[in-house]
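**Q** The structure's right below; bear with me while I get my questions together.
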Amino acid sequence: MLSGYLALDLTDLKGQLCGKLLRDFGFDVIKIEPPGGDPVRRIGPFKDDAPHLEGSLRFAYLNSGKKSLTLDATRPEGWDVLLRLAEDGQASVRWQLVRRSTSVEALSSAPRSPS
């Protein structure tokens with residue numbers, strides 16, 4: 001339906017459903033996670049009731065079909081990667097670390113390093 005579009009998912013628990021819906025509608029979605037993994041990975045229920053970063057059923061449901069990238073946007077090189085991805089994307093789903101923008105245009109014109 002909407003194939004050929006790219007969205008960056010930089011959200012926490014409250015926003016990951018939006019990224020899932022974009023993926024369901026055909027967007028290519030890249031889930032950007034901080035080093036150490038998204039905090040939602042620590043929320044159950046867990047496969048076999050065993051807490052593990054790769055075992056969160058909630059995270060798996062909300063992020064199925066998305067590509068994944070670990071990125072430290074607090075470091076200049078991570079911020080530069082994020083801006084390059086934003087230049088290629090058509091949508092951005094905001095995350096608490098990237099408070100500068102809710103749109104790709106504003107994110108792309110942001111300073112080259114985080115404040």
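**Q** So how do TYR5, TYR61 line up by other beta-carbon neighbours within 10 Å, fewest first?
**A** TYR61, TYR5
**Q** Tally Lys and Arg at +1 and Asp and Glu at -1 over the other residues with C-beta under 14 Å from the C-beta of PRO51: what net charge comes out?
**A** +1
**Q** Local charge sum around ASP38 (other residues, Cβ-Cβ under 12 Å, Lys/Arg +1, Asp/Glu -1)?
**A** Details: positive: LYS31, ARG41, ARG42, ARG58, LYS66; negative: ASP9, ASP12, GLU33, GLU54.
With Lys, Arg at +1 and Asp, Glu at -1, the net is +1.
**Q** To the nearest 0.05, what FRET efficiency results for ARG42 and THR74 with a Förster distance of 22 Å applied to their C-beta separation?
**A** 0.65
**Q** What does a probe at GLU54 reach in the range 3-23, counting residues whose amide N is under 19 Å from the point 7 Å along Cα→Cβ?
**A** none
**Q** Relative to the present Cα-Cα distance, how much length would full extension add between LYS67 and ASP88 at 0.36 nm per residue of separation?
**A** Details: separation 21, 0.36 × 21 = 7.56 nm, distance 1.48 nm.
Here the segment from LYS67 to ASP88 would lengthen by 6.1 nm.
Bear in mind that the values in this text are calculations on the coordinates, not laboratory data. This structure is a prediction, so every number in the text was calculated from the model and none was measured. Please note: Cβ atoms are built from the backbone with ideal geometry, for glycine as well, and neighbour counts cover all protein chains shown.
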